[in-house]
Every structure is written in structure tokens, then in C-alpha cells.
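Trainee: Submitted below is the structure of interest, expressed as C-alpha cells.
Derivation of every value follows stated rules applied to the coordinates shown; laboratory data play no part. Remember, predicted model here, so these are calculated numbers, not experimental data. Neighbour counts are summed over all protein chains in view; Cβ atoms, including those assigned to glycine, are modelled from backbone coordinates with ideal geometry.
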Amino acid sequence: MSFHETVETIRRLLLEERQSHEILAPHERAPLASCEQRRRRINDLLAQLPQRAKQDIAALYQAMASLPHIPSSQEIEWARGVLALPNLAILELDMTNLSTSAFILRVTLLNGVGQLVDDLLVHPPHVPSQVALDLAGITKAQLATASALETVWSHIQTTLTGRYVISFLLEPYRDRFMDEARRRQLVPLTMLGASLRPHCGAYFGEIGYGLETLCSHIGVPLPQPPARTSHHRAYRQLQILHTMAQGKLLWHEGSAQASQQPVQGGAYEQ
């Protein structure tokens, strides 16, 4: 019995109890056994009210939690504002591993319409493991002709200057650049931008905190390693931004925004 049903039962019993006395003549008395039984029942139900209320409140919370997720209007406006920036860039890095001692293997930068701005392969001080290369989608042959980071460092700074940089997790990338500058005695890079991940979490809910999961959820899954590269990850983030700017939870290839995304080097569309 729900809280509402319990309250209605108590009201009905109270009314019955009152009426059982009102219809009697002044010298008559209502059946004592019936009155006692009814009042015991009323007291029992009154004692159950707090628990019934708690159960109903819990059911309401559960019903609220099960409602379909809706986009955040604040995050829609944020995505639209970011996409409107003429200096927008999407940054992706590949590294030898995920630790603080990792070396950068690749620096990829797309502009706001999905065109490749820069794609630099970096020769690390030590040969990466095959697992790291597969995860990055980089071959040993590609690394063999790559430049040392010291050689391309000033070029990277020039490319980033004046751009608003978005990456799913920008802060760890900032940290890697700082680590590389410190151990190679290079001038630290200056980079203005924001991480996409917290905005995805606010917009998509729990599903928005993992790039691979989110891409699959909105219908643009990432290729599996070793076919996946930094190009794919960067372009998918641009697709996520467009999905957010449209106020949708799923990607629609036929949308007006999709048609406005020229891509150079068809790998990004895979």
C-alpha cells in the first residue's frame, strides 16, 4: 500500500468511526469491540506512514533518475561559441605511454572546419614499445624519418600561437609539453584553450567522460587500434562539438552542420 493509499484508508476509517457515534441516540453507545478494532487499525496505519512516505519518495527519486537525459542549454551555448571562433584548433598528442615520464610521438592539430593544420611525427629518445605504437597508429618506419622534438619545438609554438585549443583532456597535454621543455631545456609553450571532457560530462551525462565510449554512443565510433590515429581522435572531437551545438545527443551525418565540415585527407572520415 502506498503512502497515498494509506492516508486515504486512515481518512475512511476515521470517518466511519465518527459516523458510528453520530447516528446513535444520546442514550445509545457504539459497539465497543468494533470501535476498538477500528481505532487499533487507524493507529497501526498512522505508525506506517513515515515508512510509506519514505518508500514513495524513493520511488519518485528513482522515476526522476530514469527520465531520458536532456542536453544542457549552457553547454549548447558553449559549443556554439567555441565553433564560432575563427582561431579554433583541435589538438591531439600521441605519447610513448601514459605516465609523467612519457615522450611525445606525434602532434596533430585540426582547425575548426576539420582541415589539417599540422601533423608532426617526433622521434623519441628511446624506441617505444610495439603496444604504444599500435595504440598511436604509428609505425616504426614512420618514426625512423621523424624529427627530434628540439627541431620542431619553435614550429609547434608558432602554430599554437593565437589559437584557442580544444582537446578532450587538455591539461595532461599541457603537462607533457611542460615535461618535455624541462628535460630538454626548451622554452615552455604558451597555449590558450580548454578541455572538452568536463563539458561533455555536463552535456551527455556519465557517458560523456570517455572519448571512445562517447563516440560510439553518438554514432561515430573510433576505429580500433592500430587503424586509429590522432587524426581520428581530433576529428571525432570536432563532431562531438557540432553534436552539442545542435542540442542533440546523437550525431546526424545529414545535418546542415555536417555538410559544413570539409575534410582534407579522407582518413578523418573513417
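Trainee: By counting other Cβ atoms within 10 Å of each Cβ, how are CYS35, CYS215, CYS200 ranked from fewest to most?
Mentor: On the way: CYS35 15, CYS215 19, CYS200 25.
The fewest-first ordering by Cβ neighbours comes to CYS35, CYS215, CYS200.
Trainee: Skipping prolines and chain starts, which residues have an amide H placed within reach, meaning under 5 Å, of the one on VAL117, given they are 5 or more residues away or on another chain?
Mentor: LEU109, LEU110, ASN111
Trainee: Restricting the calculation to Cα positions, tell me the Rg (one decimal) and the Dmax (whole number) of the chain in Å.
Mentor: Over the chain's Cα set, Rg and Dmax evaluate to 31.8, 112 Å.
Trainee: Would you work out which of LEU149, PRO223, LEU32 lies farthest towards the positive end of the dipole of the chain, given +1 charges on the beta-carbon of Lys and Arg and -1 on that of Asp and Glu, about the Cα centre?
Mentor: My answer, from the dipole projection, is LEU32.
Trainee: List every residue whose amide H lies under 5 Å from the amide H of GLY193, counting only residues 5 or more places away in sequence or on a different chain, with H placed 1.01 Å from N in the peptide plane.
Mentor: VAL165
Trainee: Explain nothing, just compute: Karplus ³J(HN,Hα) = 6.51 cos²θ - 1.76 cosθ + 1.60, θ = phi - 60°, for every residue of segment 72-78 in order, whole Hz, x for Gly and Pro.
Mentor: 7, 4, 5, 6, 4, 5, 4
Trainee: Right, next: Compute the label zone of SER2 within segment 38-62: residues whose backbone N is under 14 Å from the point 7 Å along Cα-to-Cβ.
Mentor: Hits in segment 38-62 for SER2 at 14 Å: 52-62.
Trainee: Using Cα springs under 10 Å in a Gaussian network model of the chain, which residue among SER195, SER99, SER230 shows the largest mean-square fluctuation?
Mentor: SER99
Trainee: By how many nm would the segment from ILE70 to ASN111 lengthen if fully extended, with 0.36 nm per residue of separation less the alpha-carbon distance?
Mentor: 11.9 nm
Trainee: To the nearest 20 Debye, how big is the dipole of the chain about its Cα centre, given +1 on the beta carbon of each Lys and Arg and -1 on that of each Asp and Glu?
Mentor: 340
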